[in-house]
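What follows is a set of notes on a single structure, which appears directly below.
Read-outs: derived from the displayed coordinates by stated rules, not from any lab. Just so we're clear, the structure is a prediction, and the values are computed from it rather than from any experiment. Note that each Cβ is placed from the backbone with ideal geometry, even for glycine, and that neighbours are counted across all protein chains shown.
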Amino acid sequence: MVFNSLTFLAFLAIVLALHAMPFSWKVRKANLLVASYLFYAAWNPPFVILIWLSTVIDWFAAGRMARTTCPTARRGLLLLSLTTNLGLLGFFKYGNFLLDTFVTLLGSVGIAYHPPALDIILPVGISFYTFQTLSYTIDVYRGEMKPWTSFLDFALFVTFFPQLVAGPIVRASTFLPQCVTERRATGTQIGWGLTLLTIGLFEKIVLADAMLGPVADAVYSNAMRAGFLDAWVGTLAFSGQIFFDFAGYSTCAIGVAMCLGFVLPDNFRFPYAAIGFSDFWKRWHISLSTWLRDYLYIPLGGNRKHSLRVHGNLMTTMLLGGLWHGASWRFVVWGGLHGVYLMGERLIRQRWRGPNLLGSWPGRVTLGLGTYALVCLTWVFFRATSFPNAMTLIKAMTLGSTSNFAVGPMNVVTVGLVTIGLLGAHWFMRGRTLEDWWNQRTVPVRAVLLAVLLMSLVMVRGDDRAFIYFQF
């Protein structure tokens, strides 16, 4: 079940109706829990068992931690949670990848090994709910929160359907306190929540699927024939597609949760207006970047160590962040490039003795556009279907190419206009929030904007693509 489907809209209407009924708060939370399991089971019912397993193990481990003061026992309980969750994630997400890598290594030394195919099916959203539930047991182990007393609340935290399969990755300390008192959305919250759902669907269906996705597909499926213009147009198309697709999902998730009275954290803050790469990761997939910071980078030592160690911590975090996105060395390279960017930025900040480029508008724009261009180069590895294709496109984008695939003038114009609009909007909104901007508009202006969005959704028909981050 995906947000951009009539089935989901019918499902949501039923859930909202039940949530508005005069049931007790406990019953309404139970309704949400059942709805969340049904939402997830719409993909593959048996995989609900994996969520149950993670939920029960982490509930048990955190509860036992609170009842023992023995350091060894506490570490053992944390290890139980880590091995269960990361073991499931490793098997289902990386089993085929590890086997293929092993076969390749054997082949490199002349050993031909042909194992039977594992054909492991990846449970949708496993990376998201694994990191979410792990944060709970780690926080309890650290003493940063106490074990929750209601299993119903905890189960709902793990499976809350708006953000279950593609985030934002919500912390227990953010979600669980909202379960204590009754959550009923006000008329203003419902209105804003439905507005966010409309905006998110517009981003996904119209911008990502209808306008940009086909161009990116055409270029990346003909990577070996792409020239300089083709490669850049296709990559700019994908840079917009992945933002509108993923930010669209997060916007929908936040809006749906708000209609139910729950508040989820922002996951994007206009990242293509970032000035530098540390700024980019404060704006892109914020729930993941802060998770990696708090549960990986800082425990490794963060920036409290000597320079070489700090760079190692940065690179380790970004490599694992890349691998989190997908079981492929292309994602590792994607993460590694961002690690190199972050290390280079840190060195430049430490040693730069030239003029303060951040002190002027032209300087900030130049640095921002440079950041965006380098981010686009990393997207090539994220989108390409193979290393040869990725390297061919990188070569075409940086050195030019005599190839002449030709994406077509209309595609060039479409991608160019959408990209200019995207960058302009991000720079305009760089220090603002969408909610504040919306509230500053008059009622007639809001009505016209909503009418345009809704008409676009009705008139423009995409190709019913799943959200890109469902594969992660």
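For segment 1-86, applying the loop criterion from DSSP together with a ceiling of 15 other beta carbons within 10 Å to the trypsin sites (Lys or Arg not before Pro) yields 67.
Could you calculate the contour length gain from residue 21 to residue 72, that is, 0.36 nm times the residue separation minus the distance between their Cα atoms, to one decimal place in nm?
13.6 nm
Using only side-chain charges placed at the Cβ, +1 for Lys and Arg and -1 for Asp and Glu, the dipole size of segment 21-183 relative to its Cα centre rounds to 580 debye. Of the options 82, 194, 373, report the single residue whose Cα projects farthest towards the positive end of the charge dipole of the chain (beta-carbon charges: Lys, Arg +1; Asp, Glu -1). Of the listed residues, the answer is 82. Per-residue ellipticity at 222 nm computed for the chain from its helices equals -21500 deg cm²/dmol, with DSSP H segments shorter than 4 residues left out and the rest contributing -39,500 (n - 2.57). Our note on the geometry: Cα centres of segment 198-256 and segment 1-55, 29 Å apart. Long hydrophobic helices in the chain, taken as whole DSSP H segments with a C-alpha length of 30 Å or more on their own axis and mean Kyte-Doolittle hydropathy at least -0.5: 71-108, 228-259, 329-351, 361-383.
With an 8 Å cut-off on Cα pairs and a minimum separation of 6 or more residues, tell me the relative contact order of segment 189-471 in percent. List each step's numbers first, then the result.
Working: 349 pairs, mean separation 91.4, N = 283.
In percent, rounded to a whole number, it is 32.
Compactness of segment 21-183, taken as the C-alpha radius of gyration over 2.2 N^0.38 Å, stands at 1.23. Extending 7 Å from Cα along the Cβ direction at residue 83 and again at residue 427 yields two label points whose distance is 5.4 nm. Here the gap between residue 100 and residue 144, fully extended at 0.36 nm per residue and compared with their Cα-Cα distance, gives a gain of 11.8 nm. Listed peptides 408-421, 83-96 appear in the order 83-96, 408-421 once ranked by packing, highest mean of other Cβ atoms within 10 Å at the front. In straight-distance terms, cross-link reach from residue 29 covers every one of the lysines whose alpha-carbon lies under 23 Å from its own, apart from those fewer than eight places away in the same chain; here that gives 146.
Mind running the shape call on segment 289-377? Use the C-alpha gyration tensor, a ≥ b ≥ c as the square roots of the eigenvalues: rounded below 1.5 for a/c, prolate if a/b tops b/c, oblate otherwise. Present the calculation step by step, with values, prior to reporting the outcome.
On the way: a/c = 2.40, a/b = 1.39, b/c = 1.73.
Since a/c reaches 1.5 but b/c is at least a/b, the shape of segment 289-377 is classed as oblate.
Please give the per residue volume of the convex hull enclosing the alpha carbon atoms of segment 189-471, rounded to a whole number of Å³.
On the way: hull volume 43.4 nm³, N = 283.
Enclosed volume per residue, from the Cα hull, is 153 Å³.
May I ask you to derive the relative contact order of the chain, considering only C-alpha pairs under 8 Å and at least 6 residues apart, and to give it as an integer percent? The value is 19 percent.
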